[in-house]
Amino acid sequence: MFTGVKVFSATKAKEREELGENVTRWLKSNADLEIVDRVVCQSSDNEFHCYTLVLFYKHGKSQQPQPSQP
């Protein structure tokens with residue numbers, strides 16, 4: 001089960017080169033999240049190549065809402 005989704009996408013060559021660094025930076029700044037699944041896609045036409053990385057995550061225990069007490 002997941003509670004959130006983060007999508008990274010790049011089409012231009014420079015964006016594709018920086019994609020790994022952008023993902024790493026986001027992961028470091030969101031270290032409290034647990035990645036539970038991921039999907040990687042590539043699509044192309046005659047001119048462009050697009051890479052997409054989709055991360056499915058859930059919040060760590062410290063961020064989980066506490067059940068209410070009766």
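Things worth noting here:
- Every pair of residues 6+ apart whose Cβ atoms lie under 6 Å, when the first sits in the stretch 19-35 and is within 21 Å of Phe2 (Cα to Cα) while the second is at pLDDT below 95 and surrounded by 11 or more Cβ atoms within 10 Å (Cβ to Cβ): Asp32/Gly60
- Being out of contact with any helix residue (DSSP H, G or I) (no Cβ under 7 Å at 6 or more places or on another chain) and at pLDDT below 90 holds for only one residue in Asn46, Asn30, Asn22, and it is Asn46.
- Residues in the stretch 1-26 that are farther than 28 Å from Glu47 by Cα, aromatic (Phe, Trp, Tyr) and under 11 Å from the mean Cα position of the chain (by Cα): Trp26 alone.
The values are calculated or read from the model by the stated rules, or taken from the named source; none is laboratory data. Keep in mind that what you see is a predicted model, and the values were worked out from it rather than measured. All Cβ positions, even for glycine, are placed from backbone atoms using ideal geometry, and neighbour counts span all protein chains on display.
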